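Worksheet: one structure, shown below.
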Amino acid sequence: MSTVPSPETIEPMRSRGFRMPEAAIAWLQAVPLALILGFFFLLPILTIAVVSFWDYDFAGLYPDFLTMNYTDTLGSWVTWKTYLNTLKYTAMVWGLTLVIGFWVAYFLAFHIRTTTMQMVLFLVCTVPFLTSNIIRMISWIPVLGRNGLVNSTLVSAGIISAPIEWLLYSDFAVVLAMVHLNTLFMVTPIFNTLMRIDKSLIEAARDAGASSWQILWNVIIPLAKPGMAIGSIFVVTLVMADFSTVQVMSGGQSASVALMMKNQMSLLQYPAAAANAVVLLIIVLLMVAAILRVVDIRKEL
């Protein structure tokens, strides 16, 4: 007559079986993501870094280990001036998109009462993204041109006697187009952060006698910092890598690092462009690290 094993008998039998360590299971689960990131992210960056030390001429590329491309890049005042010009555009666009993006997100989060209307207005903000960046950028040309909408309206109204020349093909046009192209990348994370704020905190501050500006400065803005930091990372990286907007909206009168790299690649100077890419990547990473050091965004991820 058979007897049923007791739980005390079964447990030692199970313990003698094969059990994969939890650390090994975690590593196996991370392998697919590591392979994807390694192939599509780390490998291209490593390739660029390797090519940046190669030699080249008009005929081709020659594998080598030379620091010539970096000395030419960092030793040229023209290159430094181009980097400073790029940082100037980045700072101006970042400041404008931060202000505009915060107030748009604030309006959607706190002045629109129904969730349905919030989503509708937010989708309206995304409508321009149904077209390409190039089309949205060049749409400013007939507006800002010498005989464009703005100048024609001002001349017809008698406000100015001659068209304003600096509206187009200038730094003003470049910054305006970049703000137009990148503001939504600031609105989205800030709006997401503001929607997570507990409304009872605002009511408590109001019951304690705080004014609207005090609530904004002491409650809403501190709680919105993670979204502002994420939006800043998006805008900074996009502006630093933008070359088409600078080329078109400045009329070829201004330059950026990305545009310089594009011109180098068109001349088959790939190692020089790779060296500039590595320097630009280091600068962007330092800027992102500075943002992350000021604001902890882990709660938003």
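The values are calculated or read from the model by the stated rules, or taken from the named source; none is laboratory data. In this text, all values refer to a predicted model and were calculated from it rather than measured experimentally. All Cβ positions, even for glycine, are placed from backbone atoms using ideal geometry, and neighbour counts span all protein chains on display.
Tabulated values for the structure
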| item | result |
| --- | --- |
| Candidates Leu194, Leu168, Leu184, Leu201, filtered to the one that is crowded, with 16+ Cβ neighbours inside 10 Å and more than 25 Å from Val124 (Cα to Cα) | Leu168 |
| Subset of the stretch 121-156 [surrounded by 13 or more Cβ atoms within 10 Å (Cβ to Cβ) and under 23 Å from Val187 (Cα atoms)] | Leu121, Phe122, Cys125, Pro128, Asn133, Arg136, Met137, Ile138, Ser139, Trp140 |
| Residues located in the stretch 41-68, provided they are aromatic (Phe, Trp, Tyr) and either over 22 Å from the mean Cα position of the chain (by Cα) or at pLDDT 90 or above (or both) | Phe53, Trp54, Tyr56, Phe58, Tyr62, Phe65 |
| Single match in Pro226, Pro189 (criterion: in contact with a Lys or Arg (Cβ under 8 Å, 6 or more places away or on another chain), closer than 19 Å to Met287 by Cα and not acidic (Asp, Glu)) | Pro226 |
| Counted residues, the stretch 206-250 - those being among the acidic types (Asp, Glu), farther than 17 Å from Val179 by Cα and either assigned to a loop (DSSP other than H, G, I, E, B) or at pLDDT 90 or above (or both) | 0 |
